[in-house]
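My questions will all concern the structure given below.
The values are calculated or read from the model by the stated rules, or taken from the named source; none is laboratory data. None of the values given here were measured: they were computed from a predicted structure. Because the Cβ atoms are built from the backbone with ideal geometry, glycine has one as well, and the counts that use them run over all protein chains shown.
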């Protein structure tokens, strides 16, 4: 009987000890939040408008390159026919024709490089603008997640969409313990 009371006491204390040290975890789906939050929808709409503006400019530049490429091909084919048919006989005429073709080719390469740089610029601008526009929305979401987590006594909250930690109880942060051990 005495042994049974000791076992019950140990099991009870283990159960009670675990209840105090129990970690509570929650999660959110940021994709759903962003799709349903009016501020996020407004920001997304503004970004899409900005992106369309840039894409229209890219399309115009691509059409210009395509037109010049077709003109280059036509000029190149004409030059080849003139050389093959013997219309161009002198070295001066041949050098002049080669110069024209080379100039057109350089112009095309320059336009293509310019377009590539413009696309990279657009991408950087859009990323920066997205970050700038979404910052207040993300701050609001983060603050709300923290408030809800504290009210529900959650220790950690993760994002279902990408698995990132959105909220962590500072009591469980072992960063400096790890750093101390590493030093």
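On the given criteria, is residue 84 within 30 Å of residue 32 (Cα to Cα), part of a helix (DSSP H, G or I) and without any contact (Cβ under 8 Å) to a residue 60 or more places away in the chain?
For residue 84, the condition - within 30 Å of residue 32 (Cα to Cα), part of a helix (DSSP H, G or I) and without any contact (Cβ under 8 Å) to a residue 60 or more places away in the chain - is not met.
Okay, next question. Got a sec? Which of 43, 58 is touching a residue at least 24 places away in the same chain (Cβ under 8 Å), in contact with a helix residue (DSSP H, G or I) (Cβ under 7 Å, 6 or more places away or on another chain) and closer than 19 Å to residue 121 by Cβ?
On inspection, the qualifying residue turns out to be 58.
Out of curiosity, is residue 150 touching a residue at least 60 places away in the same chain (Cβ under 8 Å) and part of a helix (DSSP H, G or I)?
Criteria not met by residue 150.
Quick one: residue 145 ticks every box in (1) assigned to a loop (DSSP other than H, G, I, E, B); (2) in contact with a strand residue (DSSP E or B) (Cβ under 7 Å, 6 or more places away or on another chain) except a single one, so which number is it?
For residue 145, the failing item is (1).
Determine which single condition residue 76 fails, assuming it passes every other condition in (1) farther than 30 Å from residue 48 by Cβ; (2) at pLDDT 90 or above; (3) surrounded by 10 or more Cβ atoms within 10 Å (Cβ to Cβ).
The single condition residue 76 does not satisfy is (2).
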